[in-house]
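K.L.:
Would you mind keeping the following structure in view while I ask a few things?
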Amino acid sequence: MAESTPPDQIHITPGMQAYIDRNNEYLARRDRYIHDVVKKWRFDTIAVHGLYSVEDAIEDYQGAIIEPVFMSSSQAYRDSDEMAAALAYLIPTWCYSRIANPSTYYYEWAMALLEGYGYPGETSCCSTSSGMAAIMTAVQPFLVHTHQHVREDRNFVAPAACYGGTFQQFKVRLMEERGIEWRIVENPENIDDWASKIDKNTRFLYGELPSNPSMSFFDIQAVADLAHSHNLPLICDNTVATPALLRPIQHGADIVVQSATKTLTTSGFGMAGAIISRRNITSNIDSEDLKKDFAIYVKYLPNRDHGPNLHPMQAILTLNDMRTLRSKVDMLSRSSMTVARFLEQHPRVESVQYLGLPNHPLHDLASKYMWLVDAEHDEQYGKPVNRYGHLMSFCVKGDHQATRNVFDNFKRIWRATDLGRIKSVATIPAISTHQQQGEEGRKLAHIPDNLIRLCVGAEHPDDIMADLDQALYAASTH
């Protein structure tokens, strides 16, 4: 729902004011419902219901227990007063599906609540058509020229250990095409590496937790504190962990991006993204609207003009997948730990990159932050429990051809660049997701040619391990 400040020049008629008063009452009721009811629920209940209530269903949607899909490009208004108030963002509106849609609202509200779970402040969400659109939406507003007619040097600070698409967006689209400097952090676990890259022209800090595929990690609170000491925001990609294991806003991050295509949508039915922000973010950009409610700001202003919108059908499909997020991520994490231990002992495996393994150099740091949400309230556990997600990488003993031989011999594991699926999927990043960034870029990101990225699915771990084992041994006969 739009809640931004209208232009000063607008003339508010008595009819418009009546709509404004009525909708302010609605917003007040919604806020009371969030704070008095929804914020008191456990994570699983929020994931199942979001803000779609029995009252909504009965009063507005003929009792439909699942959120409706609004397959309409635009909204009609009762009269000119309602239209004028709506298009000035004075009242809740969706107006046009490039800007918003009731179906995307339900997805956004649930996402904001899940990423904000346990955080005492308020969070908002802007949906996007993909994770890459979410990253673009999150970073672009900080890269504007702050003085009219003055072309400023601008830079941002982020690790090279990131998803290949992120690497390309930062290196090619921002650095090479627009001259915006990416200052690369080579050792994200070292706070001094971050600090050494910041100067008066820095606009934001950005990092992926854990990184795909090298499983890098950093101290969120320390990096957030560093960013804020320079009046900068910290943006975190939480795609791999999801809010079931990690909620960066709770630890000081200002903005979170999600490729909901991945772990949040295990079914693989389409693509979706999201930007979630806390209220009153830190930034050296002189825009009160941007800082007050960043997600709503980008939704109704920059994204209105750029158009990276999410289709209403996809919003509901993704929302439906999110309802069982905690239990799915728990199961996938437990299976992944079993598989990682198996690979760690395999004679044809050189190394395993999985944060859950005690000998991983970042295990202790990841264990500080990655916890299964509400495990202490779960009858099965009754205490806090670390979980490390479904993604891992392993290096095959031998060269790139030996790695391809193993990869080509998978029988049950799918060869694809996807991740987060309910089915186990693997890829060789050097020839797929990170191919375009070149050998030097892959070296910066710690991605050797003999590395296989494995996303563990919901199959029984015995069957996943059997497929890995036969592939590793079959490859040795080539």
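K.L.:
Need the failing condition index for Glu376 against (1) in contact with a helix residue (DSSP H, G or I) (Cβ under 8 Å, 6 or more places away or on another chain); (2) modelled with pLDDT of 95 or more, just the number.
P.N.:
(1)
K.L.:
Would you be able to tell me the number of residues in region 160-189 that are in contact with a Phe, Trp or Tyr (Cβ under 8 Å, 6 or more places away or on another chain) and among the aromatic types (Phe, Trp, Tyr)?
P.N.:
Matching residues across region 160-189 total 2.
K.L.:
Which one of the conditions (1) over 22 Å from Arg326 (Cα atoms); (2) in a loop (DSSP other than H, G, I, E, B) does Gln140 fail to meet, given that it meets all the rest?
P.N.:
Single failed check for Gln140: (2).
K.L.:
For region 70-107, give me each residue that is touching a Leu at 6+ places or on another chain (Cβ under 9 Å) and under 13 Å from Ile316 (Cβ atoms).
P.N.:
Result: Asn101, Ser103, Thr104, Tyr105, Tyr106, Tyr107.
K.L.:
Mind checking whether some residue in region 149-162 is in a helix (DSSP H, G or I) and either of a type outside the set (A, V, I, L, M) or more than 22 Å from the chain's Cα centre (by Cα) (or both)?
P.N.:
Going through region 149-162, the residues in a helix (DSSP H, G or I) turn out to be none.
No, every residue in region 149-162 fails to be in a helix (DSSP H, G or I) and either of a type outside the set (A, V, I, L, M) or more than 22 Å from the chain's Cα centre (by Cα) (or both).
K.L.:
Here's another thing I want to ask about it. So, restricting to helices (runs of 4 or more DSSP H) that lie completely within region 29-100, which ones have at least 3 residues that are in contact with a helix residue (DSSP H, G or I) (Cβ under 6 Å, 6 or more places away or on another chain) and buried (at least 16 other Cβ atoms within 10 Å of the Cβ)?
P.N.:
Filter on region 29-100 gives 43-49, 80-87.
K.L.:
Tally time: how many residues in region 260-278 are touching a residue at least 60 places away in the same chain (Cβ under 8 Å) and assigned to a loop (DSSP other than H, G, I, E, B)? Before the answer, list the steps.
P.N.:
Our first condition is that a residue be touching a residue at least 60 places away in the same chain (Cβ under 8 Å); within region 260-278, this holds for 260-268, 271-278.
In the following step, the residues that additionally are assigned to a loop (DSSP other than H, G, I, E, B) were identified as 260-262, 266-268, 271-272.
So the count comes out to 8.
K.L.:
Another question about this same structure. Quick check, is Leu391 of a type in the set (A, V, I, L, M), under 18 Å from Phe218 (Cα atoms), surrounded by fewer than 22 Cβ atoms within 10 Å (Cβ to Cβ) and in contact (Cβ under 8 Å) with a residue 40 or more places away in the chain?
P.N.:
Values: of a type in the set (A, V, I, L, M): yes; under 18 Å from Phe218 (Cα atoms): yes; surrounded by fewer than 22 Cβ atoms within 10 Å (Cβ to Cβ): no; in contact (Cβ under 8 Å) with a residue 40 or more places away in the chain: yes.
Here the answer is no, as Leu391 does not meet what is asked.
K.L.:
Follow-up. Only one residue in Glu186, Glu181 is within 16 Å of Phe218 (Cα to Cα), assigned by TED's automatic domain parsing to the domain that holds Ala253 and either modelled with pLDDT under 95 or surrounded by 15 or more Cβ atoms within 10 Å (Cβ to Cβ) (or both). Which one? Spell out the reasoning first.
P.N.:
Values: Glu181 fails: within 16 Å of Phe218 (Cα to Cα).
The conditions single out Glu186.
K.L.:
Now a separate question. Just one of the numbered conditions (1) in contact with a Cys (Cβ under 7 Å, 6 or more places away or on another chain); (2) closer than 30 Å to Gly15 by Cβ is not true of Ala100; which one?
P.N.:
So the condition that Ala100 fails would be (1).
K.L.:
Kindly indicate which of Ile296, Ile285 is touching a Ser or Thr at 6+ places or on another chain (Cβ under 7 Å) and in a helix (DSSP H, G or I). If you could, list the steps in order and put the result at the bottom.
P.N.:
Numbers: Ile285 fails: in a helix (DSSP H, G or I).
Ile296 is the lone residue from the list that is touching a Ser or Thr at 6+ places or on another chain (Cβ under 7 Å) and in a helix (DSSP H, G or I).
K.L.:
So which residues in region 338-365 are in contact with a Leu (Cβ under 9 Å, 6 or more places away or on another chain), crowded, with 20+ Cβ neighbours inside 10 Å and closer than 28 Å to Ala260 by Cβ, if there are any at all?
P.N.:
Answer for region 338-365, where residues must be in contact with a Leu (Cβ under 9 Å, 6 or more places away or on another chain), crowded, with 20+ Cβ neighbours inside 10 Å and closer than 28 Å to Ala260 by Cβ: Val339, Ala340, Val352, Gln353, Tyr354, Leu355.
K.L.:
Next question, about the same structure. Quick check, is Asp289 in contact (Cβ under 8 Å) with a residue 40 or more places away in the chain, more than 30 Å from Ala475 (Cβ to Cβ) and either hydroxyl-bearing (Ser, Thr, Tyr) or not assigned by TED's automatic domain parsing to the domain that holds Arg203 (or both)? Steps first, please.
P.N.:
Numbers: in contact (Cβ under 8 Å) with a residue 40 or more places away in the chain: yes; more than 30 Å from Ala475 (Cβ to Cβ): yes; either hydroxyl-bearing (Ser, Thr, Tyr) or not assigned by TED's automatic domain parsing to the domain that holds Arg203 (or both): no.
No: the conditions fail for Asp289.
K.L.:
Let me ask something else. Considering only residues of region 431-460 that are in contact with a strand residue (DSSP E or B) (Cβ under 7 Å, 6 or more places away or on another chain) and under 14 Å from Ser214 (Cβ atoms), which is surrounded by the most Cβ atoms within 10 Å (Cβ to Cβ)?
P.N.:
Among them, the one singled out is Leu454.
K.L.:
Here's another thing I want to ask about it. Here are some conditions: (1) touching a residue at least 60 places away in the same chain (Cβ under 8 Å); (2) farther than 30 Å from Arg173 by Cα; (3) touching a Leu at 6+ places or on another chain (Cβ under 6 Å). Pro461 meets all but one. Which one does it not meet?
P.N.:
Going through the list (1) touching a residue at least 60 places away in the same chain (Cβ under 8 Å); (2) farther than 30 Å from Arg173 by Cα; (3) touching a Leu at 6+ places or on another chain (Cβ under 6 Å), Pro461 breaks only (3).
K.L.:
What single numbered condition from (1) under 29 Å from Met71 (Cα atoms); (2) in contact with a Pro (Cβ under 9 Å, 6 or more places away or on another chain) fails to hold for Leu317?
P.N.:
That leaves (2) as the condition not met.
K.L.:
Consider Ala315 against the criteria (1) crowded, with 22+ Cβ neighbours inside 10 Å; (2) within 30 Å of Ala466 (Cβ to Cβ): it satisfies all of them except one. Which criterion is unmet?
P.N.:
(2)
A quick yes/no check of all residues on (1) assigned to a helix (DSSP H, G or I); (2) buried (at least 24 other Cβ atoms within 10 Å of the Cβ):
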site	(1), (2)
Gln258	no, yes
Asn280	no, no
Asp289	yes, no
Arg304	yes, no
Leu310	no, yes
Asn320	yes, no
Ser336	yes, yes
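K.L.:
Sticking with this structure for a sec: Within region 404-441, track down each residue that is free of Cβ contacts under 8 Å to residues at least 60 places away in the same chain and hydrophobic (A, V, I, L, M, F, W, C).
P.N.:
Those that are free of Cβ contacts under 8 Å to residues at least 60 places away in the same chain and hydrophobic (A, V, I, L, M, F, W, C): Ile413, Trp414, Ala416, Val425, Ala426, Ile428, Ala430, Ile431.
K.L.:
Select from region 430-478 the residues that are within 28 Å of the chain's Cα centre (by Cα) and in a helix (DSSP H, G or I) and list them in ascending order.
P.N.:
Passing the criteria: Ala430, Ile431, Gly438, Glu439, Glu440, Gly441, Arg442, Lys443, Leu444, Pro461, Ile464.
The values are calculated or read from the model by the stated rules, or taken from the named source; none is laboratory data. Remember, it's a predicted structure, so these values are computed and weren't measured experimentally. Using ideal geometry, Cβ is built from the backbone for each residue, glycine included, and neighbour counts are taken over all protein chains shown.
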